[in-house]
Amino acid sequence: MLRDRYGRTIEYLRLSVTDRCDLRCTYCMPTGFKGFEEPADWLTFDEIERLLRAFARLGTRRIRLTGGEPLLRRHVTDLAGRIAAIDGVADLSLSTNATQLRRHAAALRAAGVARINVSLDTLDRACMHAITGRDSHAAVMDGIMAARDAGLDPIKLNMVAMRGVNDGEIDRMADFCIEHGFVLRLIEVMPMGATGRNSAYLDLGPVQARLRERFDLVPQALELGGGPARYLATRDGKSSIGFITPLSQHFCATCNRVRLSVDGTLYLCLGQEEKFEFRPLLRGGASDAELEAAIRHAIELKPHKHDFTAQPEKIVRFMSQTGG
C-alpha cells in the first residue's frame, strides 16, 4: 500500500489524458488560452500503461480518466481498455463535459469504464453558454442520456456552484437528477489560478441545510466512489446529493488521491506546488524497480493540507493544466 508521511493511504489516481478542451468554463481555463502542452510531450499510451501498472503494484486501485476533456484524445477508449485490464485496478471511471459522449458512451462501457462524472453547472441553455463559452446544451443532454442507455452507472452530475451565476439553478438541478436517477454533486469553486479566484465563491453549508429539509434527505452510508463528496440520500434510497466542500469544510485529512497530468507530472495537491515528473524516467530507461521507488518518493512529497484559505493567490496554474 502507498501511504504518505501523514498516514493517508493513496489508492486513487486521476489521469489527465489531454489538457485540451472544447469548452472554456470560466472557473477552469482562461478565454483565449493557447499555452497547451505539445503532443510530443504527452505521455504515450504505452508510457501511461507502464506507469499505471507500477502504481497498481503499489496498491492504487482506482483510476479516473480526466482532462481537459478526455474524449478529445484520439483512441481514448482503447486506452481505457488497456487500463481496465491492469491487475489490481478495481475501479475505472471518467470525467467529461459530455459534448462528445453520445458517440463514445457504448464503447467506453465495453472497454471497462463503469461510471462517469459529467461537468454540468446548469440546465439553462443561456447560462450554460455564458459559463462554457459555447452553445453546448443539446450535445451535453444527448451525451448524458446516451451514457444512461449504455449502462454507465452511476452517472454523477458535477455542478460547480457560483454565487450570482448558477446558484438559482440548484433546486432545478436536484429535481432533474432525482427524476432521472442521477447523482447530483455540488462543488465549491476553488481559487486555482486567476480563473478560479475570479469566480464567485458560494459556501455550500446553507445550501446543504436547505436541500436536506426540502427533499427530506438523510446521511448516506453507501460509498459512491473514492472521492471527497459527503452524500445525503432520499429516504427511499433512490437518489443522492453529494457536497464537495474544499473551503468551508475541507477533507485534507482523508485525501487519498493524486493527479497525473498529460505530460507525466504528478501533482500531489491542488492547493500546493509539490510535484514529481515521471516523463524523464519513462523516456530515460528507468527500470520497473526505479519507477516504483520514484512513486514512493513522490507520495512522500504530498503536503498535509492545501493553502486555499490562507493563501488563495498561491496557485497560479489553473484546473485544466493540473487535470480535473
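The values are calculated or read from the model by the stated rules, or taken from the named source; none is laboratory data. The shown structure was predicted, so the numbers you read here are calculated from the model rather than taken from an experiment. Note that each Cβ is placed from the backbone with ideal geometry, even for glycine, and that neighbours are counted across all protein chains shown. With ligands, DNA and RNA removed, areas are computed over all heavy atoms of the protein, side chains included. Shrake-Rupley method; radii C 1.70, N 1.55, O 1.52, S 1.80 Å.
Taking (1) under 16 Å from Asp87 (Cα atoms); (2) of a type in the set (Lys, Arg); (3) in contact with a Leu (Cβ under 8 Å, 6 or more places away or on another chain) in turn, Arg53 satisfies each apart from (3). Scanning region 268-291 for residues that are open to solvent by 30 Å² or more (accessible area, probe 1.4 Å), over 15 Å from Leu43 (Cα atoms) and in a loop (DSSP other than H, G, I, E, B) yields Glu273, Glu274, Ser287. Pairs meeting the criteria (first residue in region 198-217 and in contact (Cβ under 8 Å) with a residue 40 or more places away in the chain, second residue of a type in the set (Gly, Ala, Ser), beta carbons under 7 Å, at least 6 apart or on different chains) are Leu202/Ala161; Asp203/Ser248; Leu204/Ala161; Leu204/Ser248; Gly205/Ser248; Val207/Ala161; Leu211/Ala174; Phe215/Ala174.
It is to be established whether one or more residues within region 40-59 are under 21 Å from Leu23 (Cβ atoms), open to solvent by 10 Å² or more (accessible area, probe 1.4 Å), assigned to a helix (DSSP H, G or I) and at pLDDT 95 or above. Looking through region 40-59, none of the residues is under 21 Å from Leu23 (Cβ atoms), open to solvent by 10 Å² or more (accessible area, probe 1.4 Å), assigned to a helix (DSSP H, G or I) and at pLDDT 95 or above. Could we say that Asp87 is assigned to a loop (DSSP other than H, G, I, E, B), out of contact with any His (no Cβ under 8 Å at 6 or more places or on another chain) and open to solvent by 30 Å² or more (accessible area, probe 1.4 Å) here? For Asp87, the condition - assigned to a loop (DSSP other than H, G, I, E, B), out of contact with any His (no Cβ under 8 Å at 6 or more places or on another chain) and open to solvent by 30 Å² or more (accessible area, probe 1.4 Å) - is met. Every condition in (1) without any contact (Cβ under 8 Å) to a residue 40 or more places away in the chain; (2) more than 23 Å from Leu281 (Cβ to Cβ); (3) touching a His at 6+ places or on another chain (Cβ under 9 Å) holds for Phe45 except the one numbered (2).
Only one of the listed residues (Leu94, Leu71) is free of Cβ contacts under 8 Å to residues at least 40 places away in the same chain, in a strand (DSSP E or B) and at negative phi. That residue is Leu94. Residues that are under 18 Å from the mean Cα position of the chain (by Cα) and open to solvent by 20 Å² or more (accessible area, probe 1.4 Å) do occur in region 117-139, at least one of them.
Please determine whether any residue of region 277-297 is farther than 19 Å from Thr18 by Cβ, of a type in the set (Val, Ile, Thr) and modelled with pLDDT of 80 or more. Yes, region 277-297 has at least one match. Of all residues in region 214-267, those satisfying the criterion of being among the hydrophobic types (A, V, I, L, M, F, W, C), under 29 Å from Leu2 (Cβ atoms) and not in a strand (DSSP E or B) are Ala221, Leu222, Leu224, Ala229, Leu247, Phe251, Cys252, Ala253, Cys255, Val262.
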